[in-house]
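Here the structure comes first, spelled out in C-alpha cells, and everything after it is commentary.
The values are calculated or read from the model by the stated rules, or taken from the named source; none is laboratory data. This is a predicted model, so every value here is computed, not measured. Cβ sites come from the backbone with ideal geometry, for glycine too, and all protein chains shown count toward neighbours.
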Amino acid sequence: MRKVFLLALLVSPIALAQSVSVETNSLMRLPSSTSVLQLERLDVADYGTLLIPATISQVTVDELHLGRDARITIVPGASALQMQVRQAQLEQGSQITSRGAPGTHEKPAKAGRDLTLRINSLTAEALSVDARGGAGAQGYAGLDGANGVDPGCTWGSAGRGFNGDNGGDGLPGAAGAQVRLELPQDFPIEQIKVWVDGGAGGLPGVAGKPGKGGQSKGCLVYRADGGDKGRPGLEGQPGPAGPAGAVTIQRL
C-alpha cells in the first residue's frame, strides 16, 4: 500500500514528508503546491515512475531507492531543479529523466530542464540521466489542388487541375539541459551516462497533391478531351535541431 505523509506548511512553500513510496508498475505525481520538498525516504519500486512537477525547484532526500527500470521524471520548466540525496541505491535500468517536451504547431518544443544532482553516497551499476531537448513539430502539410471542371458537350473544354500547395518547414527542436552532477570521488566515470542532445528538428511538411484535370467526355458529334492535371507542391524543409546542453561533474 502506498503511504505518503505530507505536512504542508501554510506560511511557507515547503513540504515535509516521512516517506514517499511508488508501487510496482504505478505512477505517482508529487504535489504541485510547493516549491521545496524534503523527504526522509523515497522508494520507487520496479517499473514505477515518480513525476516531479515544474513548480518544485528543490528536493532533498535522505535515502533514495530506485528499483529495476524505475524512473524519476522531471517535468520541463523554466527554473532549474536542485536535487540533493544523502544515500542512493539505483537498480539496473533505473533512470532520472529531465527531458524536454515535443512541440506542436501551437507551442514550440520545450528544452530539457536544467538539473543539479548531488549524491553523497551512491551504490549503482550506472547513473543514467536523460536531459535531451524536445523534438520540433512536423511542418504543415500542403493542401491538395482542386480538380479541373469536366467539359460539356455543347460548351467549353475540360479545365486544368489546380496545383498542390507546398508543405511547411519543420519547426526547431529545443535545447538540451545544463546538467551538474556532484558525486562521490570513488564512483567510476564510465558508469555515468548522461544525454543532453538538442531535440530533433521537425519533419518537413508533406507536399500537396496535384488536382486532376477535367475528365474527357464522349459526345454525339465529337469527343471533348480531358484537361491536364496540376503540378504537385514541394515538400518543406526539415527543421533545425536544438543546441546541445552541457554536463559538469564535480567530485565530492
Open item on the list: Any residue that is farther than 24 Å from residue 177 by Cβ, surrounded by fewer than 18 Cβ atoms within 10 Å (Cβ to Cβ) and at pLDDT 95 or above - is there at least one of those in the range 69-84?
Closed with: no
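Quick check on the range 106-124. Is at least one of its residues in a loop (DSSP other than H, G, I, E, B), farther than 21 Å from residue 50 by Cα and either without any contact (Cβ under 8 Å) to a residue 60 or more places away in the chain or touching a helix residue (DSSP H, G or I) at 6+ places or on another chain (Cβ under 7 Å) (or both)? Lay out the reasoning, then the answer.
The initial filter retains those residues of the range 106-124 that are in a loop (DSSP other than H, G, I, E, B), namely 106-114.
Right, trim to farther than 21 Å from residue 50 by Cα and you get 106-109.
Checking the rest, the ones that are also either without any contact (Cβ under 8 Å) to a residue 60 or more places away in the chain or touching a helix residue (DSSP H, G or I) at 6+ places or on another chain (Cβ under 7 Å) (or both) come to 106-107.
Checked against the condition, which is being in a loop (DSSP other than H, G, I, E, B), farther than 21 Å from residue 50 by Cα and either without any contact (Cβ under 8 Å) to a residue 60 or more places away in the chain or touching a helix residue (DSSP H, G or I) at 6+ places or on another chain (Cβ under 7 Å) (or both), the range 106-124 yields at least one hit.
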- [ ] Determine if the range 103-114 includes at least one residue that is more than 30 Å from residue 71 (Cβ to Cβ), surrounded by 22 or more Cβ atoms within 10 Å (Cβ to Cβ) and modelled with pLDDT of 90 or more.
- [x] no
Open item on the list: Could you check the range 162-190 and list, in sequence order, the residues that are outside any loop (DSSP other than H, G, I, E, B) and more than 23 Å from residue 113 (Cβ to Cβ)?
Closed with: 189, 190
Task: Residues (modelled with pLDDT of 90 or more and more than 27 Å from residue 200 (Cβ to Cβ)) located in the range 136-161 - done: 144
Task: Boolean, residue 150 is assigned to a loop (DSSP other than H, G, I, E, B) and closer than 30 Å to residue 230 by Cα - done: yes
TODO: Return only the number of the condition from (1) out of contact with any Pro (no Cβ under 7 Å at 6 or more places or on another chain); (2) crowded, with 19+ Cβ neighbours inside 10 Å; (3) among the aliphatic types (A, V, I, L, M); (4) modelled with pLDDT under 95 that residue 220 does not satisfy.
DONE: (2)
